[in-house]
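To start, the structure under review is shown below, and the notes come after it.
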Amino acid sequence: MDPGRNSADTTSSSSARTRAKETRTDHTRTDQDRTGQDRRAARRERLLATATDLFTTRGYPATSIERICATAHVSIRAFYEEFEGREALLIALHNDVARAGMEAALTVLSDPGMESAGARARISALTRAYLDAVTVEPIATRIAFVEVIGAGRAVEEHRLLWRSLWSDFLSGEAERAVERGEAVRRDHSLAIMALIGAINELVAHWARDATAFPRELLAEELVRHALAALGIPTDDIPTGGIPADDIPTGGIPADDIPTGGPLTDEGK
């Protein structure tokens, strides 16, 4: 027998066993890492779900981190491994809804048929797609449009960031409508800011009591506001089935409304 060969075979076998052991160790570590990541993801989702429930039942101001953790069965230390604080948790919830709305609008406009569509069709489609996305879960809608109001500086800065993104997006649609001769060329920036504010308030109004009026009526009103902001006629948009003559005027006869003019001799 060749002693040198035996030595080489022994060395080769030892190296193979070492590599096999290292491979098994790597697989074990990968499995452990994956398990740890899964546990952490599940913990994060539990915190988000618990916060959603508490924020919509108790209100954001009345819900503490301690209560969220106790209800979710998560330690406070683990909470801070996921979020910097309560505002960061609220921002994460708002961001999920806001992102869904933007992605829905972009998706509907990416349809080949929308490339040549007029402003009315595009505005109507993107508005309805946005509304469908942000109202699919009413409790999430309430978080994103009601509970975020006055929730702190960081939350407000986050909302302003999204407002800026939507302003740029809608300004692009306005410019496209102008180039096609479908809208008057002017500075639409203030009208778009007013539109974003109106959309936020109307959706918040619906979110406070989703049974008060149908979502389709909300969609029609949002489309009407969006078109009006660009100066596009809205005459053929459904009115929700309420004849104009039947809409209350407040019960004050026109002759009884003060004009602010000088007093008559009888009123001196």
By per-residue mean of other Cβ atoms within 10 Å, what is the highest-first order of 150-156, 67-73?
67-73, 150-156
To the nearest 20 debye, region 93-171 has a Cα-centred charge dipole, built from +1 on Lys and Arg Cβ and -1 on Asp and Glu Cβ, of 220 debye
When every protein chain stays in place and a 1.4 Å probe is rolled, ILE76, ILE196 sorted by accessible area with the largest first are ILE76, ILE196
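The values are calculated or read from the model by the stated rules, or taken from the named source; none is laboratory data. Everything numeric in this text was worked out from a predicted model, so none of it was measured. Virtual Cβ from ideal backbone geometry, glycine too; neighbours counted across all protein chains shown. Ligands, DNA and RNA are stripped out before the accessible areas are found, and what is left, the full protein with its side chains, is counted by its heavy atoms. Shrake-Rupley method; radii C 1.70, N 1.55, O 1.52, S 1.80 Å.
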